[in-house]
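Single-structure report; data block below.
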Amino acid sequence: MGEIIIKPRTLKSGKVVYEYAFEIASVDGKRKRKTKSGFKTKREARDAGKLAQQAYENIGQPIEPSEMSVADFMDQWIENDCRLSCKDVTVKGYEKRLDYILNLHLENIN
């Protein structure tokens, strides 16, 4: 997965919005990019860019149903996604919330 570039754009009205861009397949030997702007914050642009890039890269690939539990899925999500793109304090907060929610759910089952 390539790098997602986030940059500010100033509209004619003077308002600053953010744009994401990432490289896609070249056409006739020329580099091409997928871009979209109009986001209020860098974070919104980055999140939308990640989703757009994942959708672009996974087009046409079937998604297999899984018997994975929610707890296992969330553990995998934290390890494979959060640790790569979030600060340590954010990851710890996610882990704490997930532990609380899963334990609360288990208590209600018993």
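None of the figures in this text is laboratory data; all of them are computed from the coordinates on show. Just so it is clear, the structure is predicted and the values come from calculations on it, not from any experiment. Here the Cβ positions follow ideal geometry from the backbone for every residue, glycine too, while neighbour counts run over all protein chains shown.
Structure notes:
- Residue-span extension gain [THR35 to ILE101] - 0.36 nm each, minus C-alpha spacing: 20.1 nm
- Unsatisfied cross-links (Cα-Cα over 27 Å) in the set LYS32/LYS87; LYS40/LYS96; LYS50/LYS87; LYS7/LYS92; LYS15/LYS50; LYS34/LYS96: LYS32/LYS87; LYS40/LYS96; LYS7/LYS92; LYS34/LYS96
- The long axis of helix 88-109 is offset from the longest Cα principal axis of the chain by roughly 40 degrees.
- Per-residue Cβ neighbour rank within 10 angstrom, fewest leading, PHE73, PHE22: PHE73, PHE22
- Highest-fluctuation residue, ILE78, ILE24, ILE59 considered, GNM on the chain with Cα pairs under 10 Å: ILE78
- Here the relative contact order of the stretch 5-57, from alpha carbon pairs under 8 Å that lie six or more residues apart, stands at 31 percent.
- Here is the tail figure for the chain: Cα pairs spaced more than 23 Å apart come to 50 percent of all pairs.
- Lys/Arg +1, Asp/Glu -1 at C-beta; the chain dipole; positive extreme among SER13, ASN58, THR35: SER13
- Residue order, fewest to most surrounding Cβ atoms within 10 angstrom, among ARG46, ARG83: ARG83, ARG46
- Shape of the stretch 1-53, Cα gyration tensor, a/c cut at 1.5: oblate
- Computed over the chain: relative contact order in percent, which uses C-alpha pairs under 8 Å that are six or more apart: 16
- Springs between Cα atoms under 10 Å define the GNM used for the chain, and in it the highest mean-square fluctuation of SER66, SER37, SER13 occurs at SER13.
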